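Comments concern the structure below.
Quick note: the coordinates plus some simple rules give every number you see, no bench work behind them. Remember, predicted model here, so these are calculated numbers, not experimental data. Quick reminder, even Gly has a Cβ in these numbers, built from the backbone with ideal geometry, and neighbours come from all protein chains shown.
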Amino acid sequence: MFDEETGATIPHIAEREISDEIAISVQELDVTYRTTFEKRPTLKQAVVRLGRGKRSVKTVEALKNVSFDVSRGSVLGIVGHNGAGKSTLMRAIAGIVPPTQGRIEVVGRTSTLLSLGVGFNRSLTGRENVILGGLAAGLTKDELEDRYDQIAEFADIGDFIDAPMSTYSSGMGARLAFSVAVHLDPDILLIDEALSTGDAVFKEKATQRMQELVNNSSTMLLISHALRTIINMSTECIWLDHGKLMMRGNPEEVVDAYTEYVHVKKTSATMNDM
């Protein structure tokens with residue numbers, strides 16, 4: 001379809017009704033973007049241009065005709081190599097990246113943990129960021145007051161809660177960001193490698209909290225290179241490769257197919273941090 005006023009192409013897909021049991025529906029999703037990079041000049045070109053490279057434009061097809069539904073109260077694990085389109089998919093579902101083609105429908109309050117600390121103002125204190133994050137998520141002042149102590153206790157960063165976040169270690173930032181996200185009572189929780197910087201004790205506590213949310217019928221999308229986490233936490237799994245949906249199904253079967261495809265054995269190293 002073509003918008004005569006703006007001159008833009010309008011993504012179109014056939015209408016369909018979404019079941020009450022579906023929390024997220026992704027249909028025929030394409031995400032394409034353009035990026036610039038500097039070509040390395042030859043010796044002759046470097047001399048002519050005084051060492052300056054030439055800027056070139058590259059079109060990247062991050063996602064190509066991806067379709068799937070996520071049932072309410074389920075956990076969808078997402079696996080694939082770096083650059084497969086996993087984070088682009090998560091950002092599209094979160095509404096950060098617009099689809100080039102296709103449709104995404106999300107039903108319910110969404111809490112995102114796409115990269116720990118993203119959205120925080122590092123010049124503000126942890127306490128101030130908790131308040132801003134809660135208000136941005138739609139909580140009222142009274143709701144924030146009721147949950148603040150829970151958030152601070154779960155993060156367990158002590159007096160640093162009143163220090164600027166620029167003084168935090170990556171692990172402290174991870175604790176606070178995760179605590180804020182999981183205490184917003186989300187209907188849908190999007191997690192992209194969010195636990196990679198946490199220590200073992202925190203990871204165990206975070207896993208327990210995520211399981212509590214799922215038990216209370218929250219829906220979760222989880223990206224992790226720790227394939228054992230994907231198998232243990234997910235009810236279903238999809239595998240992306242170069243923007244294409246390669247497989248969807250039982251988490252262990254999908255992980256088996258993925259590791260075989262990339263020629264990696266299922267060792268303790270690959271399963272815990274691949």
Check your understanding: LYS265 versus PHE68, label points 7 Å from Cα toward the beta carbon: distance in nm?
Key -> 2.9 nm
**Study point:** Overall dimensions of region 129-274 as given by Cα atoms, namely Rg and Dmax in Å
**Key:** 17.2, 53
Practice item. Using the number of other C-beta atoms within 10 angstrom as an exposure proxy, rank LEU135, LEU144 with the fewest first. Key: LEU135, LEU144
**Study point:** Packing-based ranking, highest mean first, of 154-160, 240-246 given that Cβ atoms within 10 Å are counted
**Key:** 240-246, 154-160
Point to revise | Translational D in µm²/s for region 188-260 (Stokes-Einstein at 25 °C, 0.890 mPa s, Kirkwood Rh from C-alpha pairs) | key: 188 µm²/s
Review point. How large is the convex hull of the Cα atoms of region 98-177 per residue, expressed in Å³ as a whole number?
Key: 111 Å³
